[in-house]
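Structure record follows, encoded as structure tokens.
The values are calculated or read from the model by the stated rules, or taken from the named source; none is laboratory data. Computed from a prediction, not measured in an experiment: that's the story for all the values here. Backbone-built Cβ (ideal geometry, glycine too); neighbour counts: all protein chains shown. Side chains are part of the model used for accessible areas, which takes the heavy atoms of the whole protein and leaves out ligands, DNA and RNA. Shrake-Rupley method; radii C 1.70, N 1.55, O 1.52, S 1.80 Å.
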Amino acid sequence: SDCSIGYCNAATMTCAHVPDSCSSAAMLDLSGGVAQVDGDTGYADDDTTLSCALPGSAGRDVVYVVSLTARSSFEAVAVPKAGSALKPVLQLRRVCNNADNALSLECAYAATNTSTTRLAIDSVEPGTYFLWLDSEGGEAGAYTLTVKLDPAAIGESCATPRTVLVADNPVELTGDTGPLTDDASGT
């Protein structure tokens with residue numbers, strides 16, 4: 001009852017904030033390019049259903065505020081802690097409390113045979129966004145969430161194309177696709 005902002009963390013005997021809704025969303029400090037938070041959806045309510053979650057999912061969810069000052073590549077990884085039943089689902093939205101897919105940038109769930117969920121977007125415009133962490137199928141539990149921003153790579157996607165000036169002579173381009181993501185398949 002002393003923890004009006006959330007719940008009592010028995011390990012540290014401190015009050016822990018639960019970013020349970022749009023009004024209590026936690027701001028992630030990404031000034032260094034990366035933020036990591038530990039949390040537990042067991043203390044949250046079911047406020048929304050993410051677009052890529054299983055139909056009928058009613059998992060407890062939390063939400064974080066992400067502020068970008070420059071066009072960036074965005075990566076969020078949710079890893080359940082040992083013993084957690086959580087099957088994380090992540091979605092980045094433009095509007096916090098609107099589940100309209102048109103207002104969502106991307107949604108991701110864990111691949112088969114893994115409990116880790118990774119949401120990656122090549123290029124996100126500057127602005128304020130809302131990162132929801134929900135659970136597939138109603139499970140709840142402890143997690144570690146890591147969010148990482150990097151400058152958007154030129155030529156990585158249609159959002160950040162590489163400009164090539166073509167004159168009368170052939171143009172030779174060099175580069176490295178190793179650090180880029182697989183966005184499309186050639187025919």
Positive-pole candidate from Asn101, Ser84, Ser72, dipole of segment 38-137, charges at beta carbon: Ser72
Label-point gap, in nm, between Thr114 and His17 - each point 7 angstrom along Cα→Cβ: 3.0
Relative contact order for segment 24-78, counting Cα pairs under 8 Å that sit 6 or more residues apart, in percent: 44
Label point at Glu75 placed 7 Å out along Cα→Cβ; residues across segment 93-121 whose backbone nitrogen lies under 20 Å: 93, 105-112, 114-121
With all protein chains modelled, accessible area of Tyr64 [1.4 Å, Å²]: 10
Paramagnetic reach from Asp46 in segment 116-144 [backbone N under 12 Å; point 7 Å along Cα→Cβ]: 135-140
Residue-count net charge about Gly33 - beta-carbon cut-off 12 Å; Lys, Arg +1, Asp, Glu -1: -2
For segment 22-143, size of Cβ-based charge dipole, Lys and Arg +1, Asp and Glu -1, in debye: 180
Net charge, Tyr143 excluded, C-beta distance under 15 Å - Lys, Arg +1, Asp, Glu -1: -3
Projected label distance in nm at Ala58 and Thr174, using a 7 Å step from Cα toward the beta-carbon: 6.1
